[in-house]
Structures are given as C-alpha cells and as structure tokens.
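The block underneath contains the structure these notes are about, expressed in structure tokens.
Laboratory data are not the source of any read-out in this text; all were calculated from the coordinates shown. This one's a predicted model, so the numbers in the text were calculated from it and none came from an experiment. Here the Cβ positions follow ideal geometry from the backbone for every residue, glycine too, while neighbour counts run over all protein chains shown.
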C-alpha cells in the first residue's frame with residue numbers, strides 16, 4: 001500500500017513544482033550621438049527587463065567618458081543562436097555605416113548585482 005501512495009506523492013510534487021524559466025538572450029548597442037562610436041555587448045542571458053539594461057549600459061559608457069549615448073537592447077529571445085546572429089548583423093550594419101565599433105566585455109556588462 002505504501003508504494004502506490006509514495007509514487008502518487010512523488011508525481012504530485014513533480015507536477016506542482018514551478019517550471020524553471022528558460023534562459024532568454026539579448027545584447028545591447030550604445031551609440032554616441034553626433035559621433036561614430038558604437039558599443040556592442042556580448043550576448044547574455046536576460047534576467048531583467050531590457051529597459052533596465054539600456055539604462056545600465058548608458059551609465060557604464062558615461063562612467064567611461066562617453067557623452068550623449070543612446071542605448072538599445074533588443075527584446076530577449078529564447079534562441080541564443082538567433083540572438084548571436086542578430087548581434088553579428090548589428091556589428092555588420094554599423095561597420096557598413098563606418099562606425100567605430102567598441103566591444104563591451106562580458107566582465108563589464110551586464111553588471112553583477
């Protein structure tokens with residue numbers, strides 16, 4: 001009798017366990033207004049809202065001396081490969097425009113709180 005009860009309890013525990021959130025991926029781009037400087041981050045797991053990442057990237061670049069920076073981060077997506085492809089496309093696009101590209105190290109961004 002105990003065995004079926006234990007199995008039923010185990011099934012209920014697994015079924016009621018909240019599903020772990022799948023990692024979502026994004027990257028960010030910062031551009032200095034009136035200049036050719038563009039910063040692009042590595043692709044990273046997005047655990048926060050993208051608007052917060054934009055504010056944090058703008059702050060990081062301002063602390064490094066960049067003025068009048070506009071930062072944008074695409075909406076996080078489930079497929080990391082797709083995010084990497086979008087990042088690569090952003091680099092190619094800005095390179096084609098003649099921008100001076102600067103990589104933002106994964107050690108620097110996103111900040112670890």
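Starting with the fewest neighbours, write out 73, 28 ranked by other beta-carbon atoms found within 10 Å of each beta-carbon.
73, 28
Taking a cut-off of 23 Å, what percent of all Cα-Cα pairs in the range 23-104 are separated by more than that?
17
Of the DSSP beta bridges with both residues in the range 23-104, give the percent that are antiparallel, rounding to the nearest 5.
65
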